[in-house]
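The structure under discussion appears below in the form of structure tokens.
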Amino acid sequence: MLCLNVFWTVTLRAFGASFHRVAGAPLLDLENVRGVLKPREALELLQEYGTEAQAL
């Protein structure tokens, strides 16, 4: 479990700022103040991203 936490921390730090800059929104909206997204909501959010952000 610790390895998974380290992995996500490193990944989010590495790609989060770039993704936010390209997509105009946080990576998978992890900073969502409404709480945890439902799968349908997450897919809808991803569809709003441009092709460059989706590729990233």
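The values are calculated or read from the model by the stated rules, or taken from the named source; none is laboratory data. Quick caveat, the model's predicted, so the values are computed rather than measured. Quick reminder, even Gly has a Cβ in these numbers, built from the backbone with ideal geometry, and neighbours come from all protein chains shown. Accessible surface areas use protein heavy atoms only, side chains included; no ligands, DNA or RNA. Shrake-Rupley method; radii C 1.70, N 1.55, O 1.52, S 1.80 Å.
Identify, please: which residue in the range 1-31 is open to solvent by 70 Å² or more (accessible area, probe 1.4 Å) and outside any helix (DSSP H, G or I) and is, among those, modelled with the highest pLDDT?
Top of the filtered list is MET1.
Tell me whether the range 41-52 contains one or more residues that are charged (D, E, K, R), at positive phi and either surrounded by 12 or more Cβ atoms within 10 Å (Cβ to Cβ) or modelled with pLDDT of 70 or more (or both).
No, that holds for no residue.
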